[in-house]
Amino acid sequence: PRSTLFPYTTLFRSKLSQPFATPGVVEIACRLAGQDELPPDDSSRFLLDVTRAVPILLVGGEPKSDPVQSDTAYFLAALGYDEGSQSAAQAEGAVPRGPLATSAFQLRTIGYQQLASADLSSIQCIVLSDVPRVPAELAHKLARYVSKGGGLWLALGEQTDVDSFNQVLFEAGSGLSPLALRQPLGDADNHEQFTLLVPPAKEHPATVLLADVQRLDIDRVRIYRRHEFGGAEGVSVLLRAEGGAPLAVEKNLGRGRIIVQAVPLGLAWSNLPLCYSFVVMVHEWLWYLTEPSLVKRNLQPGEALQVNQPVEASTGVATVETPAGWSAQLVGQEEDGRLAFRCARTQFPGKYRLSLDRSTQEEFLVSRDPEESNLTPLSETQIAAISEASGLAFGPNPFYQPAGQKVPAQPRAVAAWLLLGLVLLMVTEAAAAFWFS
């Protein structure tokens, strides 16, 4: 913590690795051995949600005769699926075979024709790999899916219809894509003419690993052909080509996230799938897109906790228990076939428990406000603003009283005197009754 007594700050960083055998919620806590002015901030804890697999849906476009040009094959390989996955990917609704033991993504592949009737309730991220036109009804279905916390990755390619994309997916800025499309640039067959990829920024969580040019080869990616976006003012850009043209942009829609990529996932327009950066990009972007769909268990004071439950499996009422010991009932609000239970009374730090029924209980952890550990003295401007707004007086002596200023006395409780008077009245009444009798 920053302190007026210790102006020098030392940062200690340590990395720990711990495998978990079973899924569930695990509480992680740490404590620094030592004493300082603020003992409460010497310890910290958070809740870790251990899951067995993250369900992902990969939607492919029209199949290509040349397997080298297949977009889904390289995506499957980046996730650790074996060579037999490509034949499985061509089957309707099939699950690719042979994932590595370290793969955390449970992948399911379908054709774009089956997406309209697919059940998306258990899917945490959808990847559209160079699909043709998307009907308006399907675009609205995807918009509802993203708004509830799902992730959507649009990888454009040769089958992308620019006019249909702008009309349905961009929809004058209110659709799934944050930017409109122009006609593609470049020649996919001429590998002598290419555009390099600029290393992304380190500040964004989706590109922090891709920015490491010391260990990755993001600067060796060659783009032969790409879709061109419209003006990117005010839009978050994840990847840029030389000259600043955006190659991957993102958009937040409701609770979910969307990434639109100007090149396909295969080798048709770039050598990206042949680079080590492609594997890192696939994993990091999938984690980034699926994060909002998870239950947010670590909260800040005042941040609402929320749990969704299917209508048919819910009683409609839940109970929340706070660290202060009080409990309250919550009534679920129906949203797209699910009940949402929310509670914004999380001002006190500690663990909150939300009971949906006797067997289902969700835990949340509210951390201390980090500003409580800020010991930096107030500036003269802050002191003047607080004094003017509240009438407080600041000075070196806390017991100093300016001349002519009266300090009101503390109010005294009268309940004790009333109780004593009641006792005396009862005694007097009893004595008088005895004397008269």
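Neighbours of Pro40, meaning other residues whose beta-carbon lies under 14 angstrom from its beta-carbon, give a summed charge of -4 when Lys and Arg score +1 and Asp and Glu score -1. Within segment 190-250, report the trypsin sites (Lys or Arg not before Pro) that DSSP leaves as loop and that have at most 16 other Cβ atoms within 10 Å. Taking segment 190-250 and a limit of 16 other Cβ atoms within 10 Å, the loop trypsin sites (Lys or Arg not before Pro) found are Lys202, Arg215. Quick one: net charge around Arg225, please, counting Lys, Arg +1 and Asp, Glu -1 for every other residue with C-beta under 12 Å from its C-beta. Around Arg225, the surrounding residues sum to -2.
For the chain, the share of DSSP beta bridges that are antiparallel, to the nearest 5, is 70%.
Here Lys141 is the anchor, and the lysines within straight C-alpha reach of less than 23 Å, apart from those fewer than 8 places off in the same chain, are Lys251.
Taking a ≥ b ≥ c as the square roots of the Cα gyration tensor eigenvalues, segment 158-248 comes out oblate, since a/c reaches at least 1.5 and a/b does not exceed b/c. How far is helix 276-290 tilted, in degrees, relative to the longest principal axis of the Cα atoms in the chain, given as a value from 0 to 90 rounded to the nearest 10? Helix 276-290 sits roughly 40 degrees off the main axis of the chain.
For the chain, the Cβ-based charge dipole about the Cα centre amounts to some 980 debye (Lys, Arg positive; Asp, Glu negative; other atoms uncharged). Any idea what angle helix 380-390 forms with the longest principal axis of the chain, computed on alpha-carbon atoms, 0 to 90 degrees, nearest 10? Helix 380-390 sits roughly 60 degrees off the main axis of the chain. Excluding same-chain neighbours fewer than eight residues apart, the lysines reachable from Lys351 by a Cα-Cα span under 20 Å are Lys296. The angle separating the long axis of helix 415-436 from the principal Cα axis of greatest extent in the chain is about 40 degrees. Put simply, when 168-180, 184-196 are sorted by average Cβ atoms within 10 angstrom per residue, most first, you get 168-180, 184-196.
Any read-out appearing in this document is the output of simple, stated calculations on the displayed coordinates, not a laboratory observation. Fair warning: this is a prediction, and the values are worked out from it, not measured in the lab. Every residue, glycine as well, gets a Cβ built from its backbone with ideal geometry; the counts of neighbours run over all protein chains shown.
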